[in-house]
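Below you'll find the structure, written out as structure tokens, and then a few comments.
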Amino acid sequence: MIEVTGLTKRYNDITVVDDVSFAVARGEVLGFLGPNGAGKTTTMRMLTGYLPPSSGSVTIAGFDMQTQSLQARRHIGYLPEGVPLYPEMTVAGYLDHMARLRNMAQRADAVDRAMDLVHIGDRADDRIGKLSKGQRQRVGLAQALLHDPDVLILDEPTVGLDPRQIIEVRELIRELGATRTVILSTHILPEVSMLCNRVVIIKKGRVVAEDTPLALTSRLQGAERIEMRVHQQPTDMTAIQQLPGVVSVSVEADGLFHIETEAGSELRPQLASLVVNQGWGLLELHKVTLSLETIFLELTTQEEPTNDHDDDVVVVDAPPTEDSVHEGAA
């Protein structure tokens with residue numbers, strides 16, 4: 001549904017996005033991650049047709065964003081991080097205005113459906129300027145869904161929402177991802193673990209990792225790690241160290257063992273049997289995996305750029321036009 005090939009964006013001698021390539025299939029939710037200034041927002045703006053690339057290509061639903069921009073953008077619903085709203089308009093009035101700009105038929109039905117999807121229908125007649133930040137975020141998401149797009153590009157969709165609203169929006173993204181292609185950019189890394197089938201991580205404008213969260217964990221972790229807690233701490237750990245596949249063993253004073261094993265090994269059954277046979281009293285036994293936060297930090301915190309060219313600031317060569325709004329790119 002989305003194919004990105006060699007996407008590059010330069011501003012004079014500064015390369016903000018550098019040869020980025022990835023693909024996203026229908027029904028897939030892709031997490032798009034990177035530290036501030038890594039090129040996330042610039043990439044997403046190029047995906048939506050808001051910014052032209054310096055080189056490379058973007059294809060949406062079979063349409064090239066450079067040569068068939070209007071057709072491609074008809075398939076996109078875009079929620080930018082800073083939602084562009086008119087505070088003097090009512091919720092329903094704003095959504096009807098956006099539907100009219102898109103030349104949509106049956107605007108009233110589309111507006112009602114979008115408000116129902118994001119649970120904002122009870123505020124239909126309220127002025128947007130009177131809404132909370134979380135409610136305004138819902139209005140922005142409703143406009144992205146107005147024309148029932150195949151592709152949703154969401155930049156920080158849960159910013160400003162309270163915990164209950166965050167759960168509701170996450171459930172909505174799961175539902176939408178079952179039949180649509182979703183690209184989700186967020187700084188809430190547990191959100192990515194809960195929602196995304198696959199992750200793309202960029203640093204300094206380049207892709208440094210692309211895989212499922214589980215595969216990234218296995219690749220970076222190398223050896224397997226097991227934690228085991230026993231009631232009666234043994235004085236001799238030889239029996240554990242002699243198990244085939246054990247690389248190292250360390251233990252804390254409270255009987256918590258940290259056991260490193262060879263990659264691909266599964267020693268929990270043998271460890272459980274050993275503890276029971278030795279009469280140590282098994283209290284806890286589980287495999288330790290790297291969190292997505294740890295993966296993100298390992299891939300992005302080394303050699304951070306020292307300049308201040310943040311991709312969220314550079315927007316100079318593509319001001320919004322009536323055509324871009326008309327075709328649903330924002």
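All Cα-Cα distances of the chain, cut into 10 Å bins from zero to the largest, leave 5, 23, 26, 19, 12, 9, 5, 1 percent in each bin in turn.
Using DSSP, restrict attention to beta bridges with both residues in the chain and report what percent are antiparallel, rounded to the nearest 5.
Working: 37 of 53 bridges.
Taking every DSSP beta bridge within the chain, about 70 percent pair in antiparallel fashion.
Sorted from longest to shortest, the spans of the Cα atoms of the range 1-43 along the three principal axes equal 38, 21, 10 Å.
Name the shape class, rounded, prolate or oblate, that the alpha-carbon gyration tensor gives for the range 70-147, where a ≥ b ≥ c are the square roots of its eigenvalues, rounded holds for a/c under 1.5, and otherwise prolate holds if a/b is larger than b/c and oblate otherwise.
On the way: a/c = 1.74, a/b = 1.37, b/c = 1.27.
Taking the square roots of the gyration eigenvalues as a ≥ b ≥ c, the range 70-147 is prolate.
Rounded to the nearest 20 Debye, what is the dipole magnitude of the range 222-288 about its Cα centre when Lys and Arg each give +1 and Asp and Glu each give -1 at the C-beta? Its charge dipole is roughly 120 debye.
Sorted fewest first by neighbouring Cβ atoms within 10 angstrom, L70, L146 come out as L70, L146. Close amide H contacts of M89 (hydrogens built in the peptide plane, cut-off under 5 Å, sequence separation of 5 or more or a different chain): I128, G129.
Quick one: grab the alpha carbon gyration tensor of the range 30-108, order the square roots of its eigenvalues as a ≥ b ≥ c, and give me rounded if a/c is under 1.5, else prolate or oblate depending on whether a/b is larger than b/c. Show your work: numbers first, answer last.
Working: a/c = 2.70, a/b = 1.42, b/c = 1.90.
The shape class here is oblate.
Positive-end ranking of A263, V199, G129 along the dipole of the chain, with charges on Cβ about the Cα centre, is headed by G129. Straight-distance candidates among the lysines for linking to K204, with alpha-carbon spacing under 23 Å and chain neighbours fewer than 8 residues away dropped: K9, K40.
Distances between placed amide hydrogens fall under 5 Å for G77 paired with V151, L152, I153, all partners being 5 or more residues away or on another chain.
Mind jotting down the distance between the C-alpha centroids of the range 64-91 and the range 13-57, whole Å? When both Cα centres are located, 16 Å separates them. Distance distribution P(r), the range 222-288, all Cα-Cα pairs, bin width 10 angstrom from 0: 22, 63, 15, 0 percent. With θ taken as phi - 60° and the Karplus curve 6.51 cos²θ - 1.76 cosθ + 1.60 applied, the whole-hertz 3J(HN,Hα) list for the range 31-46 is x, 10, 10, x, x, 4, x, 7, x, 4, 5, 4, 4, 5, 5, 6 Hz, x standing for glycine and proline. Couplings 3J(HN,Hα) for the range 75-91, derived from phi with the Karplus relation 6.51 cos²θ - 1.76 cosθ + 1.60 (θ = phi - 60°), are 8, 10, x, 10, 10, x, 5, x, 5, x, 10, 9, x, 7, 8, 6, 4 Hz, where x marks Gly and Pro. In this Cβ point-charge picture (+1 for Lys and Arg, -1 for Asp and Glu), the range 1-123 has a dipole of about 220 debye about its Cα centre.
Hey, what did the range 15-119 get for relative contact order, percent, Cα under 8 Å, at least 6 apart?
Values: 59 pairs, mean separation 13.6, N = 105.
Value for the range 15-119: 13 percent.
Look at the alpha carbon pairs under 8 Å that are at least 6 residues apart: their mean separation over the length of the range 222-288 gives a relative contact order of 49 percent.
Put in order of Cβ neighbour count within 10 Å, fewest first, the listed residues K9, K287 become K287, K9.
In this rough spin-label picture, where each label sits 7 Å from Cα along the Cβ direction, the Q270-S21 distance is 4.2 nm. Taking a sphere under 14 Å around the Cβ of A23 and counting the other residues whose Cβ falls inside, with K and R at +1 and D and E at -1, yields a net charge of -2. One chain, two ends: N36 and D150. Fully extended at 0.36 nm per residue, the span grows by 38.2 nm beyond their Cα-Cα distance. Taking the Cβ-Cβ separation of D211 and A263 as r and a Förster radius of 22 Å, what is the calculated FRET efficiency to the nearest 0.05? Once rounded, the FRET efficiency stands at 0.85.
Using a cutoff of 8 angstrom between alpha carbon atoms and counting only pairs six or more residues apart, the relative contact order for the chain works out to 23 percent. With the simple model of a label 7 Å out from the Cα in the direction of the Cβ, T179 to M194 spans 2.4 nm. Along the range 104-110 the Karplus relation, 6.51 cos²θ - 1.76 cosθ + 1.60 evaluated at θ = phi - 60°, assigns HN-Hα couplings of 7, 7, 6, 4, 4, 5, 5 Hz to successive residues, with x for each Gly and Pro. When the chain is described by a simple charge dipole with +1 on each Lys and Arg Cβ and -1 on each Asp and Glu Cβ, the residue from L85, L292, G279 located farthest towards its positive end is L85. Other residues lying with their Cβ under 10 Å from the Cβ of V199 contribute a combined charge of -1, Lys and Arg counting +1, Asp and Glu -1.
Using the per-residue mean of other Cβ atoms lying within 10 Å as a proxy for protection, in what order, highest first, do the peptides 29-40, 122-133 fall? Each step should come with its number before you reach the end.
Numbers: 29-40: 23.3, 122-133: 13.8.
With the highest mean Cβ count within 10 Å placed first, the list reads 29-40, 122-133.
Between V199 and G31, D211, T212, the built amide H atoms are under 5 Å apart, and every one of these is 5 or more places off in sequence or on another chain.
Only the coordinates and a few stated rules stand behind these numbers; no lab work does. Keep in mind it's a predicted model, so treat the numbers as computed, not measured. Quick reminder, even Gly has a Cβ in these numbers, built from the backbone with ideal geometry, and neighbours come from all protein chains shown.
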